[in-house]
Every structure is written in C-alpha cells, then in structure tokens.
Amino acid sequence: MYAGEVDHRMSNGDVAEHIRATFAPLIRERTVETKLRTRGEEILHLSDWKPFQAANLPPKKLCVAATKTLFNLTPCDLDLEKQFTQFCDEAEDVIAFAKNAGPQKIQIDYKAVNGRQSFYVPDFLVRDKDDKHYLVETKGQQDTSVPFKASAAVAWCEAASKRGQKWQYLFVPQAVFEDSADESLAELARACIPSLKHLLGKLKTEQLDLPLEATPEEIKEERTDRVLEEAGISDLPEELRIYVMQAVNQLAYDRKKNYPQFGGAFQPLLYPFEALCGEILHRALSNQVPTHRSEAEYYFQPDMSDLSPSQENIYAKNGRYLRKNLVYAQNNNRVGVLLFCLEYAGKTQPELGGIWRDVRGCFATKSMQDAYRVLDSMYRFRNRYVAHGDEQLQDGEKADAAMKEWINGLIQLSKLIAKEPAV
C-alpha cells in the first residue's frame with residue numbers, strides 16, 4: 001500500500017469514496033446493535049420545559065401566537081406548521097399542544113436508509129380531551145428517510161404507552177390536511193391513518209413512490225399563479241414571490257377551513273410592504289443628510305417658529321422618525337413616515353427648510369404622488385384588519401379582492417424604486 005504507485009492515489013476522492021462504500025457497511029454490520037425500544041424510568045413533564053428563544057424571520061420562520069400552548073409563541077418553520085398550530089388552537093378536542101423545539105426537544109434515534117444512526121425530531125406534541133397524547137409530524141414533500149422516521153416514531157409511541165398513558169403517532173400529509181374539512185383532532189387522525197399505513201408499507205416492500213402527483217410546493221405555485229392571472233398580474237418581481245405565495249395560500253387555507261377572520265393571511269406581506277417603503281425613503285433622502293453632526297441637527301429639526309404648537313409637534317416627531325431611519329437604520333414607522341412625506345410634498349404649505357425642503361423636491365413627482373393613494377389604502381387596511389386588529393375581516397370575497405390589491409400595490413412600490421433613481 002505504501003508503494004509510490006499506490007500511495008499517491010490514496011488521497012484521491014474516488015479512491016476514498018470506494019474505500020468508504022466498501023468498508024463502512026461491513027463495519028456497521030459488525031458494530032451496530034438493534035435493540036427493542038423500551039420506556040425509560042425518568043418521567044419528563046412538558047410543563048418543566050424552560051422558555052427558549054426562536055427566530056422570527058418571515059417568510060420562512062414565523063412565531064405564531066396561540067392560547068393552548070405552554071409558551072406564548074409557537075415557532076413554525078413552514079406554512080403547514082403554522083396552519084396546524086391554528087388548527088390545534090381552534091379544535092375543541094385539543095386541550096394543549098406544543099411545538100417540539102428548543103434545547104429540550106424530543107429526539108428519536110433511528111437507523112437511516114444507509115444503515116447509519118440518525119436522529120428524528122417530530123413537529124408537535126398534542127394532548128386531547130380524553131388525555132390521549134399525540135406525537136405529530138406534519139409533512140409536505142417527502143424523501144426516502146420519512147418511512148424510517150415514521151417506523152421509529154411508532155415504536156417510540158408503543159414504548160411510551162406501556163404504563164397506562166396512551167400515545168399515538170400522527171403523520172399528517174399536507175395534501176390530506178388541506179383537503180380535510182375536519183374540525184377535530186380525532187377526525188383528522190382517522191383521515192391520516194391510511195397515509196401512515198402506506199408509509200410503513202414501503203419499508204416492507206422497499207419500494208418508493210414515484211412522483212406522479214403534484215408536490216405540495218407545486219400546488220402552492222399553481223394556486224399563486226392562478227390568483228395572479230385572475231388579477232391580471234404578469235410582472236411580479238421574483239423577490240416578492242415567496243411572500244405573495246405564502247399569503248395567497250394562507251388565505252385559501254383559512255377560507256377552506258371557514259376561519260372566522262382572514263386578516264392573518266396578510267401577515268406575510270407586511271415585511272415586504274415596510275421594507276419597500278424604507279427603501280423608497282433611503283433612495284430619495286439618504287444622500288441629502290449632512291455628515292457634520294451640528295448641521296444634521298438643524299437638518300432634521302429646522303426652524304418651525306411659524307407653525308402652531310400642534311403642527312410643530314407633528315413635524316418634529318416625523319423629523320425624528322426620519323433621522324432614526326436614515327441615520328441610525330432603526331426602521332421606525334417606515335410606512336407612516338413615507339405617507340407623511342408624500343402628503344407634505346403634495347401641499348404648498350407650510351414651507352419649511354432642512355429635510356422638508358428635500359422631501360418636497362423628492363416626493364412631489366407625479367409617480368410619487370400617484371403612489372400616495374395606493375399606499376394610504378394599504379396602510380389603512382393594515383391598521384384596521386392586520387396589525388392592530390381593530391376590526392375582523394370576515395368577508396372572504398372582500399379578502400380575496402384585498403389580496404389582489406395588495407399584490408398590485410407591492411408591485412407598484414417596487415417599480416417606484418426602480419423608476420426613481422437614487423439622489
């Protein structure tokens with residue numbers, strides 16, 4: 001092996017991979033021992049779990065408020081997890097639930113398809129009114145590891161149920177969940193039984209399904225494209241698509257489940273809405289800000305002695321907001337500040353100096369003033385139905401129309417950034 005003609009090949013990738021593929025299965029065959037899963041002596045209570053931090057980074061990661069969970073928020077990595085959280089909070093036979101997340105989460109060991117030991121983290125823990133416990137996996141697109149995880153979870157539930165406490169593994173495919181009109185956990189569990197049986201049957205036959213049906217992601221894409229076509233939209237920017245797709249599919253789900261209000265479906269659109277408004281402010285004004293501190297002080301708080309005390313307070317407050325956004329990047333009230341700037345630029349009085357002179361010069365253009373009505377409508381809708389919850393949006397047709405208006409509004413704001421060069 002250490003001859004020159006052999007040694008120089010030992011570090012090559014193809015040789016290393018051949019050695020690994022040849023010897024790894026032989027080593028595992030002689031070193032891996034499979035044991036019957038049994039219940040441990042230590043009893044762990046979910047109520048003893050400590051609070052933990054979770055990322056809230058829309059659109060992929062969302063922390064959803066719920067009343068039936070021990071924690072104030074439920075961290076969700078996917079739309080389906082968010083929808084299942086809402087389902088558990090609404091279902092009458094669910095007493096309590098929690099996302100299986102954080103440092104105390106339950107991890108189930110299993111032997112993967114390649115024979116290696118891996119660990120599986122189910123999505124939810126749920127308790128129903130009959131004190132039955134469910135270990136829940138919500139699943140969109142499946143891969144070859146899913147049957148092995150399901151088999152290990154079923155064995156875990158069987159072991160956990162040996163002292164009188166009933167546990168059941170609930171495998172919830174996205175297609176079954178979205179097509180189901182069930183309003184109770186028990187009904188949903190019955191509807192999902194065939195899917196789990198089919199999944200476990202794959203291990204016996206060692207045959208994977210062919211992707212003959214559309215995947216959940218493809219279904220979401222098709223639903224989004226249909227809404228865009230109905231709205232006459234063909235120019236949705238790619239950077240907005242992920243937010244629009246999440247909002248459109250959330251609204252479709254909420255309507256199908258007959259939820260009492262639909263304002264929550266617009267939550268994914270709030271991030272791009274505020275980000276676009278902030279970008280418009282920065283492109284228009286950031287280069288105008290004086291670099292010297294004393295000049296910047298006057299720039300954001302110019303002479304307003306001709307104003308009434310109430311007017312002076314309003315302009316001073318918005319001047320502070322502008323400074324926080326433009327100088328300190330604090331993202332304070334970006335939508336409201338942009339609206340105020342557009343409104344000021346469209347009026348002839350009062351005539352102020354400092355930043356307000358630049359506001360009038362930058363935001364008085366026709367394209368900017370045309371955006372004012374759209375922005376104002378979206379802002380009022382947000383405060384009324386989404387952010388503040390002053391009123392519930394219960395009309396599905398109105399929600400559908402508003403969704404299309406919001407998408408068009410986001411596109412208009414996006415075009416405004418592209419049209420108006422940075423000063």
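The values are calculated or read from the model by the stated rules, or taken from the named source; none is laboratory data. Because the structure is predicted, anything quoted here is derived from the model rather than measured. A quick note on method: Cβ atoms are made from the backbone with ideal geometry, for glycine too, and the neighbour counts reach across all protein chains shown.
What number of residues within the stretch 211-229 are at pLDDT 90 or above and touching an Asp or Glu at 6+ places or on another chain (Cβ under 9 Å)? Total meeting the criteria: 1. How many residues are surrounded by 12 or more Cβ atoms within 10 Å (Cβ to Cβ) and either over 15 Å from G102 (Cβ atoms) or of a type in the set (S, T, N, Q) (or both) when one looks only at the stretch 120-133? Residues flagged as surrounded by 12 or more Cβ atoms within 10 Å (Cβ to Cβ) and either over 15 Å from G102 (Cβ atoms) or of a type in the set (S, T, N, Q) (or both) within the stretch 120-133 amount to 7.
If only residues of the stretch 39-54 that are surrounded by 11 or more Cβ atoms within 10 Å (Cβ to Cβ) and not charged (D, E, K, R) are counted, the one that is modelled with the highest pLDDT is W49. Exactly one residue out of C341, C362 is more than 33 Å from the chain's Cα centre (by Cα) and in contact (Cβ under 8 Å) with a residue 60 or more places away in the chain, and it is C362. Taking strands (runs of 3 or more DSSP E) as the structural unit, those lying wholly within the stretch 45-162 and holding at least 1 residues that are among the small types (G, A, S) and assigned by TED's automatic domain parsing to the domain that holds L200 correspond to 62-65, 94-99, 117-120.
Okay, residues lined up against (1) under 34 Å from the mean Cα position of the chain (by Cα); (2) small (G, A, S); (3) exposed (fewer than 14 other Cβ atoms within 10 Å of the Cβ); (4) on the phi > 0 side of the Ramachandran plot:
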site: Y253; (1), (2), (3), (4): yes, no, no, no
site: N258; (1), (2), (3), (4): yes, no, yes, yes
site: G263; (1), (2), (3), (4): yes, yes, no, no
site: Q267; (1), (2), (3), (4): yes, no, no, no
site: A275; (1), (2), (3), (4): yes, yes, no, no
site: A296; (1), (2), (3), (4): no, yes, no, no
site: Q301; (1), (2), (3), (4): no, no, no, no
site: K324; (1), (2), (3), (4): yes, no, no, no
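I'm checking my understanding of the structure. Among residues of the stretch 62-75 that are modelled with pLDDT of 90 or more and within 22 Å of I242 (Cα to Cα), which one is surrounded by the fewest Cβ atoms within 10 Å (Cβ to Cβ)? Filtering the stretch 62-75 for residues that are modelled with pLDDT of 90 or more and within 22 Å of I242 (Cα to Cα), the one surrounded by the fewest Cβ atoms within 10 Å (Cβ to Cβ) comes out as P75. Residues in the stretch 82-107 that are charged (D, E, K, R) and crowded, with 21+ Cβ neighbours inside 10 Å were compared, and the one that is farthest from A54 (Cα to Cα) is K82. Just so you know, in the stretch 159-190 the residues that are among the charged types (D, E, K, R) and touching a helix residue (DSSP H, G or I) at 6+ places or on another chain (Cβ under 7 Å) include one that is nearest to K129 (Cα to Cα), and it is D182.
With respect to A345, determine if the residue is surrounded by 15 or more Cβ atoms within 10 Å (Cβ to Cβ) and farther than 25 Å from V64 by Cβ.
Working: surrounded by 15 or more Cβ atoms within 10 Å (Cβ to Cβ): yes; farther than 25 Å from V64 by Cβ: yes.
Judged against the criteria, A345 is a match.
Number of residues in the stretch 373-423 that are more than 23 Å from M245 (Cβ to Cβ) and of a type in the set (S, T, N, Q): the value is 3.
Scan (1) hydrophobic (A, V, I, L, M, F, W, C); (2) under 21 Å from T74 (Cβ atoms); (3) touching a strand residue (DSSP E or B) at 6+ places or on another chain (Cβ under 8 Å) for the single condition A91 breaks and write down its number. Of (1) hydrophobic (A, V, I, L, M, F, W, C); (2) under 21 Å from T74 (Cβ atoms); (3) touching a strand residue (DSSP E or B) at 6+ places or on another chain (Cβ under 8 Å), only one is false for A91: (3). Checking the stated criteria, V227 turns out to be in contact with a Lys or Arg (Cβ under 9 Å, 6 or more places away or on another chain) and among the aliphatic types (A, V, I, L, M). Within the stretch 329-342, the residues that satisfy the criterion of being part of a helix (DSSP H, G or I) and either among the β-branched types (V, I, T) or surrounded by fewer than 18 Cβ atoms within 10 Å (Cβ to Cβ) (or both) are V335, G336, V337.
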